[in-house]
Each structure stands twice: as structure tokens, then as C-alpha cells.
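Heads up: the structure comes next, in C-alpha cells.
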Amino acid sequence: MQKRLISMVLALSMALTAMPLPALAQSAPPDTASAAALAEENDDVTDIFPDDWSGKPAGDPFGGGKGSWSYDETSNTLTLKDGTFRLRNYGYDSYNNCIQWNVKIEPNATLQEARIGSEYHNGYTVTNAGTISGGTFYGKVICEAGAVISGGTFKGNAIVNAAGGKVTIEDGTFEEGSYTSGVTVKAAGTLTINGGTFKGKRTCSVDIDNCEKIVINGGSFESSLTDLKRTTETIINGGLFNDKLYVAGDKCTVNGGLFTTEDDPLPEDATVKGGYFTAERDDLVAIDAASAPVYAPVAVAMNGTVNEWSADAYGTLYVAPNTSVTLKPTRKLESVSSGDNELNYTAKDGAVSFTVGTEAVQFNSVTVEELVIEKNGFPKGTDGGVYGAKGNGWSFEPNHKHAELFTNDVPTLTIEKDAVLDFDKVTNKAGTVKFAVENYGTFSGTLNSTRYVYNREGGVITDAKLNSPQSLYNDGLVKDSVLCFDYIGNGWRDPAQPATIRNSALDVTGYSVVNMASNRAVLDGCYNSAGYTGTAVIQNGGTVKNSKSTLKLPVKNTAGYDGNAEPYQPIIDGGECTVVYNEGGIIQGSPTIHALVAKDTKDLNGAADYYTLNYAAPADAEYAEKYINGINGMMEGVWDAETSTLYVDTDLNTISVITHAPIKSVNGVAYGGSVRYDTERYTSTIDLSKYGIPQTHILNLSATDEGVAALPDADPADFAFALPNDLTYNGNPKRVEVDVKDNATKKYGDVTVTYKQNGVALNGAPIEPGTYTFTANVEATATCAGGDVTPKYNTFTIQKAALYPADFTVTEPTDLTYNGSAKEVTVKNTSDKDYGEITVTYKQNGEALNGAPTEPGEYSYTVTAAGSARYVGGTVKTGSFRITKTGTTDPEPEKTYQLTVAGADITLPEDADASALKAGQLVSLTAYPDTDTVHFAQWGVSGADGALSPADLMDAADEPLTEDAFKQRTLTFRMPAKSLTITAETTTVEQPEQPPQEDSTEYSPLQTVGILVGTTAMFAGCAVIGYEFVTGSILADLLPKGTAIPSTREQLAVLLWSTAGKPEPTAPAVYSDVAEPDTAKAARWAVEAGLLPDMGEGVFTPGKRVTKVQVIRAWSQLKKLGLAK
């Protein structure tokens, strides 16, 4: 059974003493997280799954766990009675991948993990009288007496309803984002909060209605804590409070915590015995830390140890008089003074502790000017990197957040913009420094460091010799330097100008130099130092140009997609390279490349005189052991190619091949020259003047004892074909994917797929709507003659794309006073899409007119696109206008504005029309649900004057929208006095096929194993592996030999209909989204036969994905009908 690491959370209460910190001593709460982890370790966690047919809870399919539970179908409620539970759902789409029951947790039960509800299903309620230690909850969570929450994310309202009882919150994230609070306390005796994050975006973090006492020992409260009745005793011992507390002042006691509001956060008569405040308050003492801003404690253990410091430093804090405080200054202190006196203080681990009297306190930091490196490897004045420091053009921060290692605090020296620092002129008593360097200015000289170097945008490193076991990140210019790092990343953060490393030695000790694609990073004139023996590879996504003859690093010049999901082609421009692996890259400027390697001849830069290298691995070889792993010492790129055939254009006399097994013959001649490359592989150097290579330019390398044998033809049964998933026109080619099955015994070459329409071969994969056939041919290898492996069913249809009304601008006539001329509506297609002929039809009193109207009266109009070869036609827009008589004045109508929306559902006030909205009317948009390949990203809003920002729109409370509002799936705003165009912008993602969970007609992966195979499967890691293996094996045996496995409803319908003999359907075969007649017949017949579900509304959704289980079920039903063998 798969194990999951559970983070162990122990919330310790704070201790209230006179010294050294103001905190309240409490007994430690129950360790619910440890209990959950123990249950996991003892394999005593009960997993509950929804049944795919009924949707009801099903028992633990693994047989593990001893928990007891029950389900009430009438109320749709799962009751967890005793034990530790996880609620599972293996759905592959975000819309349905959630638990859709109400859940009741009894006192002896723990819910360890669940996803209850979703953005689209938030009506499910969890009632907790036991423990919630994890999960995500979209609906209400009601805590009864004795309830504990020690983890989880609560997207709906968390409610405490435990009259007279106790409820404890140890941890969790409470982010209710509607118009309520993160936590609502309806009734409780005592509510104890030891940790957690409380957001409550709209009103408050915690809303108290009826509670005798609330004790807060920790946690982060992003909005206010509110007790409107002012009846609750409030005790605060710790935590971070970013907003005011609206509670009873005479019942409020503050012993600790950090309060960051600009104004006084507490009621006037609250009792303050401790804590830290950023706002001035009567009877508090000021601490002036402007010269050394300080971090304040947020969470403190019972022994006084600070468990968590504030994320932000403060120049001024206010504390209670005559109390002991602990702060962490950003600079080393020279002294702490109060009035005319210096205060005694203790320093430990960068923090200082002292007692505040009744007068203001002043922090005085140490002054440092010139940079000096002490023997301990840190700048002078930092006490070995404990404190920060600031000098002439530089600053040191002991806990800097590394931009690439977000969770790590790294001691860092920052060279400021316009500053110049020469490390050869810096007094360095250590030799090797122990801090990172981030450069915004210019630095040079020799630097040996145990940490990274980050040359920021605008920064310059010149005439430097840098040595570090970590990394160099460059977003600026590095020139004339020697760079000895474990890793070099050039162009790391998409700078405005391409990051450049020029005329520098790339002496990498690790595996790679990555020349980033995102902003076309440049390596210009680079080389390796004499004596360099590294084995790194340049992974090029930008440009490598003018490389020196001493550059020993091979170059991987492979096209792909950058970090912004944009396609790129890397470039090699001139210069000299030892080895280049090229796959889709550009080679220009006539570079000298001593060995150009590719798995496709089109990537050989036009070379005609090249070598074909075929490798035959041992019969029992698996995975990467079947392929060529490297050429001439180059692993990266060649190893990724996963091929046993490569093409090499070289001016060398030998080719060295890296394989997992030693080579035993070359072109049928015995060979014994293989030597160890590493613990797993061998290098075999082949003399190109031998083995008949000069005549054939072919190297058949065999790791078997047979040498060269008669080559068998390719077996079509060894191949699996996947037809295109998205068969709607989008301007992209629709390719058939071909994979060799895992049980294939032959070593096959590349497969060439040729597409035809009406018998005519195409140049590449089809793009335009229509019906196509394809053939597949396998290239010969050293062990196989190749041949035609085209499957029996080799036809698919590309449907036309849908009409997108937002592509049009429709303008109604402006002069609507009768003057004898026609009042025409004008239409402009603002896209480059061909929607065919656009017509405007006018009507009066329901009767169509012959042309645009001229006479006074009320008229309606309809704009229609006829459609084209690529796009479906339909209605673009409807509207109305009125022509008035000459000399009469109509009452001025209230101005309205048009709202054009793409990719979302619209909710408007009753009787409102999106084409004529009034300013101030409330509008709500909800983006269409995510699909397997398209996910919602953000809202794009524009008006006549261009794009609008969130602040340009107002929410229901007439407050400006935030940046975060444009990233939420539902956008609610008041219509401004201007027309708008709003688009739900999306991103495209590639996702692997996952186990079916689409609706109640699917089997789960475990049911598939049990129902279809009738045996028990042991899953190694996850059910998905078993699902893929079992369903793939079943289909290989079930379908006719050579048949491609359908992946869409269209492909499955055509397969079933063709197998049944293409019978005529009973009803007319007419679907609005199916153009090809035979496909429409196949679809109608499959629905009538009960093989595929009816989608309703006159559509078939031909491109909708089907899972392997659905294919198995449909084929089995066809056999029951006697229409398939």
C-alpha cells in the first residue's frame, strides 16, 4: 500500500512570565497530527472510494484499515464512527474529482485526507465532533463540542457550533472568500486557537457570535477578529494580527503576539501585558530601530524560545512598559539606550533580549564602510554571519531569500546598482567566503565561495575568476571571466535584454550549462580552460555563437517549449564545436562541427555524406539499455533521443559509441574493443576505415552473439496507434501517434505516417476540416527489415471550428431620425478567421424586410455568418433600434452599454440584456470548466480605449477590484459607463491519460481489474499503473489485430458501426457538430444501439475523449448483440 509522509504539527502553548518573554503557560494540546501519522505507519488508515455506478461510498479496496463507518442514502451522509479515514476519488478532471457527500465525524474518528466538494460543487457539509487533520473543504465545516482541527484547507465557511463545549484549532488554512468570515463562532464554551492561517477575505478572519472564552496562542489573522456582541472573554498569548480586534475591551487581555495595523488595533480599555505593536498606543513604550530594523516574535514556546519570527522587519515597535522583550535586529548593535542610560541586553543567535522601562528605547547599530572578510568567511561586523551589515555600495543579509530556492535562507552579499567592487582589492582573511553574492552593479577579481553567485539584470561581471561548488545564475553580462561552478544558468529570469556570457571559460564541474530559451540567452565566444576535464553539456535554448576551438563541452541543440510554454528553436551561429546533438535546432554561420549527431537526417544541416549508426541490444535489454546512450562522450541529448539509430556527420576518423552492453560485432565482423565508460555503460570506438564502412557508410553495431542475421519484416501487431484527440479545426496539424508495444520483440526504426485525402498524399499532417486516411511505414534497423504496419481502421475526420461572436464588431446606425436614407447596421470581422459571408437581416413586427429600413418605426436585426470551409456559421448578434420622425424628439433613453463575453457563462439581473446594460448593474461571469488540455488562467478586460486593470472595475460593495479578482474563476462587478469585452483567458496543458472517473457509467481502476480480468492485481505505487497495464492488455486481446485503440467518441462510433457492417440507423443521422455523413450515421446508430450515451440537444460531441474502459464496455456490448467476434 502506498505510503504518504504526514507532516507532524505540534502547537505548543505560550508561557506568561515576567521574563524573558510575555507569554501565557498552557498545557500542550493533544498531538492529533502524530496520532494520524501513527495510524499511517501501522497501516490502520481506512480508504473510502465512491462507487462509479451509484456514487455511494464503497469499502476500502485494499482491505486495509479498521475504521467503522455508515452511509445514509436519504441524507447523502457518510458517518465516520471510529478510526482514521481518507476519502479517495480517482477522477481525472477537476470538475468531478471530489467527494460529493455530506460527512459526519464522530468523537473517535479522524479524517486525515479528503477533497469534499469543488469550485462547482460546494453544497456539501462536514459536521466534526472528532478530528480533521487534513483535506480540502469547499462547503461548510461545522465543529461541535470536542472537535479538533489540526490541518486542512477550508475554502468554505468553518463554523463552531458547540454550546458550552470546547473546540481546538491547531493548524489549517481558512480562506472563505465570499461575504463571510474564515471562521464563524456560533456557540462555544472555549475556543482555543494554537495555529493556522485565517484569511476571511470579505469581512473578518474570525466572527464571534456566542462564545464564553477564546484563547489565541498562535496563528496568522489577515483580517479583523470581531465580537459584535462584546460578550466574549478574549485572551491573546501569541499570533500575527494584520487587522483590528473588535472585541470587548474590558474582557480582552493581551500577553503576546504581533499587531501590525497602522492604527491602534485594540479596544481602548483592553489590558496589555505584552506583545508588539506597530501603532502608537497610550501607555506603550516606543522602540526606535530605524538604524537596524527588527523582526518580532510571532510564535513562542513555553520555554521562551522563539519558534517563528515575523516575515517583515520594522523600524519602530511599541511594547508594554516594564516588560522583557526579544527582537532580532537586521544589523549588529553598538548599544541599546533609553533616555540618557544604556540598557543591558543579552545577544544569542542574532536576537537581543532586554527589559523595557518607561522611557523610549533607541537601537544604535554598528557602522561598517569598507568590505573586509574575516577568517570565519563572513563580512566584518556581522559576528560570523549572524547579523546584517551595510557598507559603501554593498549590504549583507544573513537570511536572504534565494530567488530560486524559495524555502532557503541564504547569507548573501548584495552589490548595489552602480557600485563597483573588485574582490582582488578586498581584504580577505578567509580565502573562501561562506556567503552568496547577488550583483546589481559591477564586480571583478577572484572569488572563492561555498555559495551561489547571481548576476542580476543590469549587473556586470568582468575580468573575474569565480569558483563555487554551487551555481552561477546570470541575467546580465558576464565577460572575460573564468567560471568554475557546478551549474551555470544563463538567462534565468527573463531579463529585458538577452543574458550574455562572452569570452569566458565555462569550466563546469557538474552536468550542464543551461542557455535559457525564454529570452534568447547568448553564449558568445566561450571556451574551456587548458586542462579542463569536465563532462558537462551545454543545453542550448538560445544562441551559441563564435565558440572557440578550445570549447570541449558538447552542445545539445534541441527545439522545444520554454518556461512560458512558447516554442523555440535554439541556434548555433559560427564558431567551432566538438560534438553537437541537433533536434529541430538552427545551424547557421558555417560553424565547424567535428561531429554533428541527429536521429533524423533533416537535422544534419544539409549534409549528404553522413554515417548511419544502428545498434542491436541484447534481447533482455530494458528501457534505456535498448538505446544508444552517447556519441563521442556526449550523453545529454543522445540519451534523451531514445533511439537505436542515429545519423552522424563527422570529419573525424572514429566514432565512439556509448551503450549499456559491450559491442560484439560491427557489420557482421567480430569486435572486442569495448571498454568501461562508467559503472553501467561501455564505450566502443569504431574505426571508420574498417568493416566496409567507407563503402556503405553504415555501422551495424550488435551486442548479441548472432552478429548480422536475416532481418524479419515489421509486425503490425507490435504497434499501438492513437488517433488525434482534438479533432476540431484550430490551425494545428492533427497527428496520429504511434508507439511500439512493450511486449514487442523486435527493435524497430522510426515510423513514418503518411496522410491522404481522397487518395492524394499530403505534405505533413492534415490541418483543414475533412476526412482523412493514413498509412504507417517502419524504417529498417539492424534487426528488422521494417515495412507497412497500417492498422485496419485508419480514418478520422476533422470538424469545423465553432463561431466566436467576439471576433466581430457590430455597429448600429447613429443617425436614427428619418431622412429617407436606409439605416444600416455595419459588421466588421476583427479576426483573421474566414466565417464566410456576413448578412444582416432586418424585421419589423416579425416580418422580414428587403434591405435596411428607412421609415420611422421599431426594428430588430440579426447578424449571421454563413460559415466557411473552416468555421461553422451561425448568429453573431441580435439587437433593435428605432427610427424617429422628422421634427419630433423622443425622450432621451437611458444610456446602455454592450458587454461582449468569451469563454464564460453570464449571470445578469432579471430582464437585463448583455447588449444593453446600464451603468451600475451587477454582472457575474463564470469561466467555462477546465478540460484535459485547457485550464482557466485569468480574465482579460478591455474597453474602447484598450485594456482595463482590476481597479477600473467596482465590486458589489462599490470597492475597486483587486489583482487577485482577475485570477478567480468567478468575476463579479458593476457595469461601468462604457462597453466592455471580457475574455476568460486559458492556458494549454498536456496531461497523460488517467484512470476513468468521468461519470457514474465508468469503472474505477480497481473495479476494472476485478470486473474485466477477474483476478487480483497488486499495485506498485498507484492504481493508475495497474489501470493502464490491465486495460491496454485487454484491448490488445479484445480488438481485431492491428486495430488502433479509439480515443474519441467519433473514432469509437466509426469502429463499432464498421464492425457491425455499417447498418442504417432508424432516426435521421443529423448532428449540428458532425459534418461527414458516414460519421453521422455511425454516431446515430451507436446511440440507438445503446453503445454510446446520447449527449442531447442535437449534438454528438465527436471530439470528446473516451477512456479505455469505455472502449472495452462498448465492444463487449457489441459482442452481446452478436455483431462482433
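The values are calculated or read from the model by the stated rules, or taken from the named source; none is laboratory data. Bear in mind the structure is a predicted one, so any value in this text is a computation, not a measurement. Note: ideal-geometry Cβ built from the backbone for every residue, glycine included; neighbour counts use all protein chains shown.
Observations on the structure shown:
- The residues in region 401-421 that are modelled with pLDDT under 90 and either surrounded by 21 or more Cβ atoms within 10 Å (Cβ to Cβ) or not assigned by TED's automatic domain parsing to the domain that holds Val460 (or both) can be counted, and the count is 0.
- Only one entry in Gly491, Gly541 is under 24 Å from Thr462 (Cβ atoms), modelled with pLDDT under 95 and surrounded by 20 or more Cβ atoms within 10 Å (Cβ to Cβ), namely Gly491.
- Checking each residue in region 1053-1069 for being part of a loop (DSSP other than H, G, I, E, B) and not hydroxyl-bearing (Ser, Thr, Tyr) picks out Ala1060, Gly1061, Lys1062, Pro1063, Glu1064, Pro1065, Ala1067, Pro1068, Ala1069.
- Taking every residue in region 801-812 that is β-branched (Val, Ile, Thr) and pairing it with any residue that is at pLDDT below 90, at least 6 positions away or on another chain, the pairs with Cβ-Cβ distances below 7 Å are Val810/Val876; Val810/Lys877.
- Considered as a group, the residues in region 909-930 that are in a strand (DSSP E or B) and modelled with pLDDT of 85 or more include one that is nearest to Val810 (Cα to Cα), and that residue is Leu917.
- Residue match in region 659-677 (condition: touching a residue at least 60 places away in the same chain (Cβ under 8 Å), surrounded by fewer than 20 Cβ atoms within 10 Å (Cβ to Cβ) and of a type in the set (Val, Ile, Thr)): no
- Residue count for region 587-621 satisfying the condition of being farther than 19 Å from Gly574 by Cβ, hydrophobic (A, V, I, L, M, F, W, C) and buried (at least 18 other Cβ atoms within 10 Å of the Cβ): 6.
- On the stretch given as region 509-560, residues that are in a loop (DSSP other than H, G, I, E, B), among the polar types (S, T, N, Q) and in contact with an Asp or Glu (Cβ under 7 Å, 6 or more places away or on another chain) total 8.
- Among the conditions (1) more than 27 Å from Val254 (Cα to Cα); (2) in a strand (DSSP E or B); (3) hydroxyl-bearing (Ser, Thr, Tyr), Ser353 misses just one, which is (1).
- Listing of strands (runs of 3 or more DSSP E) fully contained in region 112-179 that carry 2 or more residues being hydrophobic (A, V, I, L, M, F, W, C) and crowded, with 24+ Cβ neighbours inside 10 Å: 141-143, 158-169
- Per-region count, region 310-338, residues crowded, with 20+ Cβ neighbours inside 10 Å, over 17 Å from Val254 (Cβ atoms) and among the polar types (S, T, N, Q): 1
- Contact annotation: residue pairs with Cβ atoms under 7 Å, 6 or more positions apart or on different chains, pairing a residue in region 402-413 that is over 14 Å from Lys434 (Cβ atoms) with a partner that is modelled with pLDDT of 60 or more and surrounded by fewer than 12 Cβ atoms within 10 Å (Cβ to Cβ), are His402/Asn408.
- Selection of region 810-827 for residues being surrounded by 15 or more Cβ atoms within 10 Å (Cβ to Cβ) and either part of a loop (DSSP other than H, G, I, E, B) or of a type in the set (S, T, N, Q) (or both) yields Glu812, Pro813, Leu816, Tyr818, Lys823, Glu824, Val825.
- All strands (runs of 3 or more DSSP E) inside region 581-697 with 1 or more residues being among the aromatic types (Phe, Trp, Tyr): 611-616, 645-650, 682-687
- Flag for Thr234 being surrounded by 21 or more Cβ atoms within 10 Å (Cβ to Cβ) and either touching a helix residue (DSSP H, G or I) at 6+ places or on another chain (Cβ under 6 Å) or of a type in the set (Val, Ile, Thr) (or both): yes
- A single member of Asp609, Asp562 is under 32 Å from the mean Cα position of the chain (by Cα) and either of a type in the set (Asp, Glu) or within 25 Å of Val482 (Cα to Cα) (or both), and it is Asp562.
One line per residue, one yes/no per condition, for (1) in contact (Cβ under 8 Å) with a residue 12 or more places away in the chain; (2) surrounded by 17 or more Cβ atoms within 10 Å (Cβ to Cβ); (3) not hydrophobic (A, V, I, L, M, F, W, C):
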position: Asn794; (1), (2), (3): yes, yes, yes
position: Gln799; (1), (2), (3): yes, yes, yes
position: Asn829; (1), (2), (3): yes, no, yes
position: Val840; (1), (2), (3): yes, yes, no
position: Gly857; (1), (2), (3): yes, no, yes
position: Tyr861; (1), (2), (3): yes, yes, yes
position: Ser868; (1), (2), (3): yes, no, yes
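- Selection status of Asn217, modelled with pLDDT of 90 or more and touching a Lys or Arg at 6+ places or on another chain (Cβ under 7 Å): no
- Taking the criterion of being polar (S, T, N, Q) and either not in a strand (DSSP E or B) or not assigned by TED's automatic domain parsing to the domain that holds Pro379 (or both), the residues of region 422-471 that qualify are Thr450, Ser468, Gln470.
- Of everything in region 326-342 that is free of Cβ contacts under 8 Å to residues at least 12 places away in the same chain and assigned to a strand (DSSP E or B), the residue that is farthest from the chain's Cα centre (by Cα) is Asn341.
- Among the residues listed as Gly749, Gly731, the single one being under 30 Å from Asp832 (Cβ atoms), among the small types (Gly, Ala, Ser) and not in a strand (DSSP E or B): Gly731
- Lone unmet requirement of (1) in the same structural domain as Phe423 (by TED's automatic domain parsing); (2) closer than 29 Å to Asn194 by Cα for Pro379: (2)
- Count of residues meeting criterion [buried (at least 21 other Cβ atoms within 10 Å of the Cβ) and either touching an Asp or Glu at 6+ places or on another chain (Cβ under 7 Å) or among the aromatic types (Phe, Trp, Tyr) (or both)] in region 622-640: 1
- Within region 681-721, tally of residues that are charged (D, E, K, R), modelled with pLDDT of 90 or more and closer than 30 Å to Thr535 by Cβ: 2
- Failed item, numbered, when Lys199 is tested on (1) touching a Gly at 6+ places or on another chain (Cβ under 7 Å); (2) buried (at least 24 other Cβ atoms within 10 Å of the Cβ): (2)
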